[in-house]
Amino acid sequence: MVLTFNKRYMGLPIMALLTPSPLTSLAGKRLLLGISAGIAAYKSALIVRLLKQAGCEVRVVMTEGAQAFITPLTLQALSGEPVRTSLLDPEAEAGMGHIELARWADAVLIAPATADLIARLVHGMADDLLTTLCLACEAPKLMAPAMNQAMWRHPATQRNVAQLANDGWQLIGPAAGDQACGDVGPGRMSEPEVIVDCLAQHFAYAAKPPTPTSAPHIVITAGPTREALDPVRYLSNHSSGKMGYALAAEAAAQGARVTLISGPVNLPTPHGVERIDVESAAQMHHEALALAPRAGLFIGCAAVADYRAASAAEHKIKKTDDSDTLTLTLVKNPDIIADVSALPADQRPIVMGFAAETQDVARYAEDKLTRKGLDMIVANDVSQQGLGFGSDNNAALLLWRSAAGTKQLVAPPQPKTQLAALIIRHALSLLPSQPASQLLSQPPSQLSSQSPGELS
């Protein structure tokens, strides 16, 4: 491990770990990539390129409609292999037919997966090469849905994706945002880098699943909370949950038993993670206090609302013509991280908190570390352009307690998946049964040593 201190961020020296890529779990894997008829098919070319760069063998199968959005020749050039498009292709059957191709794959990924393809998979249809392969292949299966926001929200689609999850499919996304049709909302295919990261996490977890006798139990809170004002309105914030979910995925990949207490987010449950969904701060507080005494490590990453309405209206609050203002009475929510930290010594886990600040990050972080009695805190500046909630990147200041006093580490801007690996390794090093020297012998994810830029 090489340590460098050649740059500065937030006024502090940057300590960068020059380590192997987090995608090493993909090396040598055989991946079957299915592409269906969505505009997001153009992103599939980048997925192929990223997988090849990570050392994967990639075979591409396209539906007939997918060929209207991107040509088989493009994907053949990127994968270095013939692209399969027909179930009854005599040449393919003579060499690697649909059964042989199904047996060849270590995993199946469909990106994009349209509403039509999802519906056909639910009903076990095998009317083209891709659906036939999905029925014939016993390898793990993942998909990245992509469709119009109204199609994604439709009850039929929601029933279908729930059934696929029950059938063992792992869903990646979808993301929310601007769509090609002009709508805004959930339904965008996750970005290629996110999809490839999810694949890497899947294989990393499969290679080293947690064992009940030795795996530490980690409880993580993630996402926002929603505090009801009336049946249709609520107070909330911009948290996407991406950082908390990245931490959960990394902890599971490192062999921990992970319980994720999640506010309302539009993210798939990481592989090997138990997820508990909540809405309000009170619900999150209840679950956290029930689970924390049985955990070795508690990570409070959720953006919990500080206040809630003193009483939520039973019916929708109506706008009146005789007043231009509305007065709300708010009361404090319970402080989850402080209450966990205040548990009796025989019930208290190692406690790590997060702090999203807009100024004087180091001072406010150290104050919170001391005031709430935490063992470690991760703070970042959310006021910087491109570094706010919802981004796939992050940068942070880590502070933790040691026998020699408070120590600190500045992590420069990098993908949240990489930062999550760094945070989890430092958090695990605080556990009595996980000495730092033992953890540092394991290959961590790469920490960029670039200059500060984006934070999220």
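The values are calculated or read from the model by the stated rules, or taken from the named source; none is laboratory data. Computed from a predicted model, the values in this text were never measured in an experiment. Methodologically, a virtual Cβ is constructed for each residue, glycine included, from the backbone with ideal geometry; neighbour enumeration extends over all protein chains shown. Note: accessible area is taken over every heavy atom of the protein model, side chains too, but ligands, DNA and RNA are not part of it. Shrake-Rupley method; radii C 1.70, N 1.55, O 1.52, S 1.80 Å.
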**Study point:** For region 263-335, convex hull volume per residue from C-alpha positions, Å³
**Key:** 142
Revision key, fill the gap. Using alpha-carbon positions, the gyration tensor of region 317-371 gives root eigenvalues a ≥ b ≥ c; with a/c under 1.5 called rounded, otherwise prolate if a/b exceeds b/c, else oblate, the class is oblate
Study note, to complete from the structure: With region 36-169 reduced to its Cα atoms and the Debye formula applied, log10 I(q)/I(0) at q = 0.09, 0.22 1/Å amounts to -0.25, -1.53
Check your understanding: Given Cα pairs under 8 Å that are at least 6 residues apart, what percent is the relative contact order of region 52-170?
Key -> 25
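Which whole number in µm²/s is D for region 218-375 by Stokes-Einstein, with the Kirkwood Rh taken over Cα pairs at 4 °C and 1.567 mPa s?
Translational D for this selection: 77 µm²/s.
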Check your understanding: Summing Lys, Arg as +1 and Asp, Glu as -1, what charge do residues with Cβ under 12 Å from the Cβ of residue 349 carry, residue 349 excluded?
Key -> 0
Point to revise | FRET efficiency, 1/(1 + (r/R0)^6) with R0 25 Å, evaluated for residue 347 and residue 367 via beta carbons | key: 0.45
Check your understanding: So, with a 1.4 angstrom probe, what is the percent of accessible area on region 280-344 that is carbon and sulfur?
Key -> 50
Exercise for review: For residue 355, enumerate residues with amide H under 5 Å from its amide H, sequence gap 5+ or separate chain, H modeled in the peptide plane.
Suggested key: 378, 379, 380
Point to revise | Rounded to 5, percent antiparallel among DSSP beta bridges of region 90-189 | key: 40
Practice item. For a quick protection proxy, order the peptides 320-328, 218-226, 263-271 by their average other-Cβ count within 10 Å, most packed first. Key: 218-226, 263-271, 320-328
Review point. Roughly what would the spin-label model give for residue 74 and residue 53, points 7 Å off Cα along C-beta, in nm?
Key: 1.8
Practice item. Once you have the Cα-Cα distance between residue 193 and residue 312, take 0.36 nm times their residue separation minus that, and quote the gain in nm to one decimal. Key: 38.7 nm
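Net charge near residue 293: determine it from the other residues with C-beta under 12 Å of the C-beta of residue 293, scoring Lys and Arg +1 and Asp and Glu -1.
Around residue 293, the surrounding residues sum to 0.
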**Study point:** Highest to lowest packing among 244-251, 355-362, scored as the average C-beta count within 10 Å
**Key:** 244-251, 355-362
Point to revise | At q = 0.14, 0.27 Å⁻¹, base-10 log of I(q)/I(0) for region 213-276 (Debye sum, equal scatterers on each alpha carbon) | key: -0.43, -1.08
Point to revise | Contact order relative to length of region 295-381, as percent, for alpha carbon pairs under 8 angstrom and 6 or more apart | key: 32
